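Okay, so here's the structure we're looking at.
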Amino acid sequence: MGNCCSAPANKKKPRNLRCLSPISSTDIDDDEARAITPITVLRDSKAATDLPLRYELGKELGRGEFGVTRRCTDTKTGEVLACKSISKRKLRTRVDVEDVRREVEIMRGLPAHPNIVQLRDAFEDKEAVHLVMEVCEGGELFDRIIARGHYTERAAATVMRTIMEVVQMLPAVVKFE
């Protein structure tokens, strides 16, 4: 996403980097208003108070730059899913916020396909955006390639065919620039 550091205003001082101030959901240039106004990332989400009523959070599956993903279980159906919680404190710029919004909009518009993760729910509270989606077992493709060392031409063709089937479905949903 974005970089949270900027150069100091005074060039004569040592080059210590400082973090940018928090942002708001509106285009307010006044620093004081920015600090007071809370971020609203999603335009339409469920209240985060509904999250623990609908899903039981389990063990951590992974951690990234902006948040953590946990295994979760739908309390009504028993289905095992994943809950990606994106910390709002880590969203330092408007670009970061727009990236999260775009991710959710794209995921909501994706067609049903066995190789595309489906977003089930989106929740937001003052601390984080929580995305509940299908859980993916098996890890990253890159890690699999490294672990294997090499792929036969047939195995590589199978992987590429799967990737191309998914990419073929995307132009209707994602605008490539």
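Every number in this text was worked out from the coordinates using simple rules, so none of it is lab data. Given the structure is predicted, the values throughout are model-derived calculations rather than measurements. Neighbour counts are summed over all protein chains in view; Cβ atoms, including those assigned to glycine, are modelled from backbone coordinates with ideal geometry.
In segment 40-134, Cα pairs under 8 Å separated by at least six residues give a relative contact order of 31 percent. Annotation: extensible slack from T162 through R63 equals 33.0 nm (criterion: 0.36 nm per residue apart, minus Cα-Cα distance). When F66, F142, F123 are sorted by how many other C-beta atoms sit within 10 angstrom of their C-beta, beginning with the fewest, the order is F142, F66, F123. Residues M160, M107, arranged from fewest to most other Cβ atoms within 10 angstrom of their Cβ, appear as M160, M107. Pairs spanning more than 18 Å between alpha-carbon atoms, out of K90/K126; K76/K126; K84/K126: K76/K126.
Measuring r between the beta carbons of E98 and F142 and using R0 = 22 Å, the FRET efficiency lands at 0.25.
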